[in-house]
Amino acid sequence: MEDSNSVIVQNVTKTFRIYHEKRNSIYEYVASILDRQKAVDELSVLRDVSFSVKKGEMLGIIGFNGSGKTTLLKIIGRIYHPDKGSVITNGKVTPFLELGTGFNGELTAKDNIIIYGVILGFTKKEIKEKIESIAKFAEVERFLDTKLKNFSSGMNARLAFATAIQVNPDILLVDEVLSVGDISFQEKSFNTFMDFKKRGKTIIFVSHALDQMRDICDKILWVHDGIIKSYGNPSTVIDEYKQFASTRDKL
Amino acid sequence: MSDSLFREIWERRSLIMLFAFNDVKLRYRNSTLGFLWSFLEPLLMLTVLYLVFTNIIKSVVPNYPLYLLLSLIVWYMFQRATTMGQTSLLDRAGIIQKIYFRREVVVVSSCLTAFIMMGFEFGAFAIFVVAFKFVPPLTILLLPLLLIDLFIMSLGVSLFLSAMTVYFRDLKFIWQIILQALFFVSPIIYQLNMFPDKIRTLLQLNPLVSLLDITHGMALYNTLPTLKESMYLGISTCIVFIFGYVIFKLKSKNLIEEL
C-alpha cells in the first residue's frame with residue numbers, strides 16, 4: 001500500500017526568523033551579544049502538518065494569503081528544509097513555482113531556452129533537441145533569434161511554460177501559474193496539466209480559482225495559519241472555506 | 001550519503017559548465033579588449049611588480065619574470081575563485097530560491113570560472129616561455145596535479161566563505177583584507193629561501209605557500225618536492241576542503257531563507 005503514495009508529508013514544522021533590524025554582519029552580531037535586546041522574532045509558518053498524496057492524484061491547496069501554502073510547496077520541492085518532520089517523495093519532483101527562473105533579457109529566446117532547460121535539469125544536448133517543439137508550443141517560432149527583452153510579457157510566459165513542461169516529472173508542484181497569460185494560453189496550460197494527470201502524474205497545486213479546483217482536484221487541503229484546517233473531498237472543503245471566508249469578512 | 005553527493009553534482013555537470021562559461025563570457029564581454037583582457041590583467045601586474053622588484057630580487061631568483069608570472073597565475077586563480085565563490089550563493093539567490101539542486105553546484109561553478117580563466121593565462125605563460133627562450137624542465141608535466149590540488153583548496157575555502165557570507169555579509173570585505181595579507185606572506189614576489197629557516201617553516205604551514213613553492217620548483221627549476229612536502233600539501237588540502245564542506249553542510253540547511 002505504501003507504494004501508492006507519491007508524497008508523504010509527516011509532522012512538518014517550519015519557523016522563519018523575522019529580523020527587526022537586519023543583523024547580518026559580524027559587527028552587528030557581536031554588538032547584539034553585548035546588547036541583549038531580542039532582535040529576532042520567530043514566525044511559525046507551518047505547524048505539525050501531515051498528509052499524503054497518492055500517485056496520480058491531483059491535490060489542491062487553498063488558504064488565505066500568508067497561510068503557508070507556498071512554504072509548504074517549497075518544502076515538498078526541497079527548497080526549504082523543514083525544522084521538524086520529514087517529506088518523502090517517490091519520483092522526480094518539478095516545482096513550477098515561478099516560471100522563467102534565470103531568464104536574461106539580453107540573450108536570444110533560443111539561448112534562454114537552453115539556460116532555463118539546463119537549470120531545470122536537462123543536459124545541453126537534450127534541451128537543444130527540444131527547442132523546435134518548445135517554440136512551437138509557445139508560438140514563438142519566428143522569434144527564436146530575438147532578444148528576450150523584446151518579447152511581450154505574454155510571449156515570455158508562454159516560452160517559460162513551454163520549456164518547463166518539457167521536464168517529465170512524476171510529481172508537479174504548481175504555484176498559481178495558471179493565472180498568467182491570456183485566456184487562450186490559460187486554456188492551453190490547463191489542458192497540459194490535465195494531460196499530465198491523464199498520464200498518471202501526481203499534481204499538487206496552489207490556486208485561488210476555487211470553482212475550477214472543485215472540478216479538477218481529487219482532494220483539497222485547506223491551510224490556515226500554518227495548520228491543516230480541513231482536508232478531503234473538494235466540494236466539502238471548498239464550501240467550508242467559502243463560509244469561513246465570508247464570516248471573517250463580516251467581522 | 002557522500003555517494004549521492006557526487007552523483008547529484010555529476011548529474012548537474014551541464015549546469016555547472018553553463019554557469020561557469022557564462023561567467024567567463026560576462027567577465028570579458030563588457031570590455032572592448034574582450035578576451036585579450038585575460039592576458040593583459042596579469043601582464044600589467046607583472047610589469048608593475050617586475051619594475052619595482054627587479055633590482056632587489058632579480059639577481060637572486062633565476063628566470064625572475066617567469067617566476068613572477070607563474071606566481072601571479074596561481075595567485076589569481078585562488079583569489080578569483082574564493083572571491084567569486086564567496087558571493088556565489090548570494091549572486092544566484094534568484095535561482096536557488098526557486099529550483100532545487102545541490103547548492104554546492106553554484107560554488108563549484110564559480111571556482112570553475114576562475115579555473116577556466118587560469119587556463120587562458122597559462123596560454124600567456126606559454127608565450128612568455130617561448131619569448132624568453134626558456135626550456136621548461138620535464139617536471140613541468142606534473143603541474144596539472146598541483147592545479148587540481150589548487151582547485152580543491154580554493155573550493156574548500158569557497159564553500160566555507162559562501163555559507164558564512166550569507167549570514168555575515170561583511171565577510172566580503174574582511175576576506176579582501178585577508179587576501180591582501182596572504183599575498184604578502186606567500187612566495188609570489190620573493191622566494192622562500194630568502195628567509196631564515198624558522199620563518200620559512202612557519203610560512204610553509206600555509207598550504208597555499210607550500211603549493212606555490214612546489215609549483216615554482218616543478219615548472220621552472222626541475223625540482224620535485226620531497227615526500228614530506230607532498231604529503232603535507234595533500235593532507236592540508238584535504239583538511240581545508242573537508243572543513244569547508246562540513247561548515248557548508250551545517251550552515252546550508254536554513255540558508256535559503258536567509259538570502
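Laid out as a table, the results:
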read-out	value
Listed residue pairs exceeding 26 Å between alpha carbons, taken from B:LYS198/B:LYS251; A:LYS125/A:LYS197; A:LYS124/A:LYS219; A:LYS14/A:LYS92; A:LYS54/A:LYS136	B:LYS198/B:LYS251; A:LYS125/A:LYS197; A:LYS124/A:LYS219; A:LYS54/A:LYS136
B:MET153, B:MET164, B:MET218 arranged by Cβ crowding within 10 Å, fewest neighbours leading	B:MET164, B:MET218, B:MET153
GNM flexibility winner over chain B from B:ASP213, B:ASP23, B:ASP197 (Cα, springs under 10 Å)	B:ASP197
Cα radius of gyration and Dmax for region A:104-167 (Å)	10.2, 28
Spin-label model distance (nm) - B:LYS228 vs B:PHE6, 7 Å beyond Cα toward Cβ	3.2 nm
Residue of B:PRO137, B:PRO187, B:PRO42 that the Gaussian network model of chain B assigns the largest fluctuation, springs spanning Cα pairs under 10 Å	B:PRO137
Rounded D (µm²/s) - the protein assembly as shown, Kirkwood Rh over Cα pairs, Stokes-Einstein at 20 °C, 1.002 mPa s	82 µm²/s
Kirkwood Rh, Cα atoms: Rg over Rh of chain A	1.03
Neighbour-count ranking [beta-carbon atoms within 10 angstrom, fewest first] of B:LEU146, A:LEU46, B:LEU227	B:LEU227, B:LEU146, A:LEU46
Length released on extending from B:ASN55 to B:LYS25, taking residue separation times 0.36 nm less the Cα-Cα span	7.0 nm
Cα convex hull of chain B, projected area averaged across orientations, nm²	15.0 nm²
Aspartates and glutamates whose Cα lies under 12 Å from that of A:LYS55, excluding same-chain neighbours fewer than 8 positions away	A:GLU2, A:ASP3, A:ASP170, A:ASP218
Modelled FRET efficiency - R0 30 Å, A:PHE64 with B:LEU259, Cβ distances, 0.05 increments	0.75
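Values quoted throughout were computed directly from the atomic coordinates according to the rules given, and no laboratory measurement underlies them. Source: prediction; values computed, not measured. All Cβ positions, glycine included, derive from the backbone under ideal geometry; neighbour counts span all protein chains shown.
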